[in-house]
1. Every residue in the stretch 34-44 that is out of contact with any Ser or Thr (no Cβ under 6 Å at 6 or more places or on another chain), free of Cβ contacts under 8 Å to residues at least 24 places away in the same chain and surrounded by 12 or more Cβ atoms within 10 Å (Cβ to Cβ), please.
2. Could you say whether any residue in the stretch 104-119 is within 18 Å of residue 163 (Cβ to Cβ), charged (D, E, K, R) and either touching a residue at least 24 places away in the same chain (Cβ under 8 Å) or touching a strand residue (DSSP E or B) at 6+ places or on another chain (Cβ under 9 Å) (or both)?
3. Need a quick list: strands (runs of 3 or more DSSP E) entirely within the stretch 124-169 having at least 1 residues that are in contact (Cβ under 8 Å) with a residue 60 or more places away in the chain and in contact with a strand residue (DSSP E or B) (Cβ under 8 Å, 6 or more places away or on another chain).
4. Here are some residues: 85, 97. Which one is closer than 30 Å to residue 176 by Cβ and either of a type in the set (Ser, Thr, Tyr) or loosely packed, with under 14 Cβ neighbours inside 10 Å (or both)?
5. Does any residue of the stretch 166-177 turn out to be closer than 30 Å to residue 17 by Cα and modelled with pLDDT of 95 or more?
Amino acid sequence: MEQSIDVVASNLKTIRESRKISLDRLSELTGVSKSMLRQIEIGKSSPTIGTIWKIANGLKVSFTSLLRKPVVEAKVRSFREGKPLTAESEHYRVYPLIPFEPEQSYETYFFEMDPDTVFSGEPHEGNVYEYVFVIKGQLEINVDGKTFSINENEFLQFQANCPHDYKCIGKKMVSAIMQISYLS
């Protein structure tokens, strides 16, 4: 039963926080006291079946959604899955890997750039950082007038609120992963 208490605690907290519901509001919705809800969320109290039903009804979720461990979907995907976004006459190809979600505050892309191709990135608004991990080839990145050369198995981190240009240098195509992080 110890694991069930932990699962209920985790599921309740996840659902409540994802909906941005306070413990006070959850108490109003469910008819369960705020102190009891807090004890359940921290795993200090084993709720009765009746209490779980009240919580499920108040949140308008299934009873089992509070009892079951969430299924984590694992899936192998290709960097080149789907149709790429292109620029520079298709000599620069970007494949979205992980889309932006407000809960995670970043997005991730795989990109390829043919030799002698230059792509100019627009400045991002706010406190945004780019991380560019070069897998294959050589990439030159100019950030606000300063040039960096990134080789295979190296990466560059920079604040992206200024002009930045990417250039494939060398004789082979660049393959890289770019992560854009939106800090508050």
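1. Hits for the stretch 34-44 are 36, 38.
2. no
3. Numbers: elements: 127-136, 138-143, 146-150, 154-159, 164-169.
Strands (runs of 3 or more DSSP E) meeting the threshold: 164-169.
4. Numbers: 97 fails: either of a type in the set (Ser, Thr, Tyr) or loosely packed, with under 14 Cβ neighbours inside 10 Å (or both).
Criteria check complete, one pass: 85.
5. Filtering the stretch 166-177 for residues closer than 30 Å to residue 17 by Cα gives none.
No; the residues of the stretch 166-177 include none that is closer than 30 Å to residue 17 by Cα and modelled with pLDDT of 95 or more.
The values are calculated or read from the model by the stated rules, or taken from the named source; none is laboratory data. Given the structure is predicted, the values throughout are model-derived calculations rather than measurements. In this analysis, Cβ positions are derived from the backbone assuming ideal geometry, glycine residues included, and neighbour counts consider all displayed protein chains.
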